[in-house]
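What follows draws every value from the coordinates through simple rules; no lab data is involved. Because the structure is a prediction, the values reported are computed rather than measured. Every residue, glycine among them, receives a Cβ derived from its backbone with ideal geometry; neighbour counts consider all protein chains shown.
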Amino acid sequence: MENEVNQTGRKNIYDPQFVKNLFNTMSGSYERMNYITSFGFSIRWRKQFLRKLTPSREKLNVLDLLSGLGENWSYLKKHFPQSNFHALDFSEAMLSKSTPKGERIFGKQLTLFSDDVLKNRLPSSHYDIVTCAYGLKTFNNSQLDILAQELSRVLRPNGQFTFIEVSVPQSRILAFFYGLYLGHIIPVLGKLFLGNPSDYKMLWIYTKSFQNTQQIQEIFSRYNLELEIDSYFFGCATGIHGFKK
């Protein structure tokens, strides 16, 4: 893993400690900002990407990776009402703020892991369902390779997964205005919420580097994962869904 400061003297934005500190700082306003940055589509996209899973009333093991403030949880509970639920995030502030929500939605049926997903304590071949919303962009390609390995490791054979990420649209016109919005307007709104526009400016920096989920199809396919690419609202968000062979 690269150090937090690389050889050019610039911060390595993919260093896990840098990412953790960023999300700890943004935890108080992240849910509202997700809604604003997506023009209100974040809620709709969450419902859509979770519909890629087959609902079940069986007692399954469900894992929400990079769980943030628990925005997926109410939908997961509706999809899998009899299941056991686990969630993982390494931001202590996010976990602290999401714990009351978890108790309200799941009661005693939620186990929280305070772990780096790339170095975790999750059991192997244990999960029937794995979900992840808006976390892919904070990984570089070598980290995405590790993430794919870990996904394959923790899933049971035929276990399902679905991921979604804010993306750069294929349309140049739409990409220009979306970039203007995320790169310049959102930091101003971030200043209003936090007094620090640089934190929310990072969201566009990550997104611009990530582009979309097409680039990760080959990475995930290396690890016994069958997947399809998904596009939401003209590519403003993209995702992957599939199963472990």
Inter-probe distance in nm under a simple model that places probes 7 Å from Cα toward Cβ, at SER221 and SER96:
4.4 nm
Take GLU103 and GLN214, extend 7 Å from each Cα along the Cα→Cβ direction, and tell me the distance between the two endpoints in nm.
4.7 nm
Per-residue HN-Hα couplings for segment 85-100, Karplus 6.51 cos²θ - 1.76 cosθ + 1.60 at θ = phi - 60°, whole Hz, x for Gly and Pro?
10, 10, 9, 10, 7, 9, 7, 4, 5, 4, 5, 4, 6, 8, 4, x
Let a ≥ b ≥ c be the square roots of the eigenvalues of the Cα gyration tensor of segment 31-175; is it rounded (a/c under 1.5), or, if not, prolate (a/b larger than b/c) or oblate?
rounded
CD proxy, 222 nm, the chain: helix-only mean residue ellipticity via -39,500 (n - 2.57) per DSSP H run with n ≥ 4, per residue, nearest 500, stands at -12500 deg cm²/dmol
HN-Hα J in Hz across segment 57-71 - Karplus 6.51, -1.76, 1.60, θ = phi - 60°, x for Gly and Pro:
9, 6, 8, 9, 9, 10, 10, 10, 7, 6, 6, x, 8, x, 5
From the convex hull of the Cα coordinates of the chain, what is the mean projected area in square nanometres?
12.5 nm²
ILE173 and LYS119 label points (each 7 Å along its Cα→Cβ direction) are spaced in nm at 4.9 nm
For GLU228 and SER198, what is the calculated FRET efficiency with R₀ set at 30 Å and r taken between the beta-carbons, to the nearest 0.05?
0.25
